[in-house]
1. So what are segment 22-132's ellipsoid semi-axes, whole angstrom, largest first, if each one is the square root of 5 times an eigenvalue of the alpha-carbon gyration tensor?
2. Arrange the following residues from fewest to most other Cβ atoms within 10 Å of their Cβ: 98, 63.
3. Quick one: 141, 72, fewest Cβ neighbours within 10 Å first, how do they rank?
4. Just to compare against my own numbers: the Cα pair-distance distribution for segment 93-144, 5 Å bins, whole % per bin, please.
């Protein structure tokens with residue numbers, strides 16, 4: 001009883017430790033991004049790009065851009081979201097960054113704004129790209145495993161009949 005109680009407490013401690021590590025990592029990344037970018041200027045930049053390119057490669061760009069950027073709930077938490085747009089700065093020492101959105105209608109597409117940070121509050125538009133999102137559907141088929149059957153016994157000449165072997169049902 002005591003051993004299982006200690007095991008449960010250890011498990012809870014590990015879970016909270018991992019959760020607190022993830023929260024600390026997320027807070028550090030968010031602080032780094034907020035120190036690197038002026039979020040109001042970034043919002044204005046994304047709005048300006050969307051206004052200049054309302055349709056790109058057959059896709060109407062989302063105009064849902066909030067004024068507030070919040071940490072994206074993914075692991076690792078390295079992205080900030082504003083409405084439908086996500087800031088992804090994977091280059092720690094580089095000034096290039098991307099802001100992307102995924103369309104809500106089919107065919108799904110990943111639209112990315114590639115940009116360069118000139119200063120904390122100034123950005124240079126580089127290009128827009130579109131990547132199509134491929135949907136994979138897995139068909140669920142019933143298990144078609146064969147059901148075991150009893151073996152047939154054919155009596156040989158002048159021999160007695162042997163009973164059929166028992167078979168377990170799966």
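Read the figures in this text as sums done on the coordinates, not as results from a lab. All of these numbers come straight from a predicted model, not from anything done at the bench. Virtual Cβ from ideal backbone geometry, glycine too; neighbours counted across all protein chains shown.
1. Details: eigenvalues 100, 54, 30 Å².
Output for segment 22-132: semi-axes of 22, 16, 12 Å.
2. Details: 98 17, 63 13.
Result, fewest neighbours first: 63, 98.
3. Numbers: 141 6, 72 18.
Ordered by Cβ neighbours within 10 Å, fewest first: 141, 72.
4. Over segment 93-144, the share of Cα pairs per 5 Å bin runs 5, 16, 18, 14, 11, 11, 8, 5, 4, 3, 3, 1, 0 percent.
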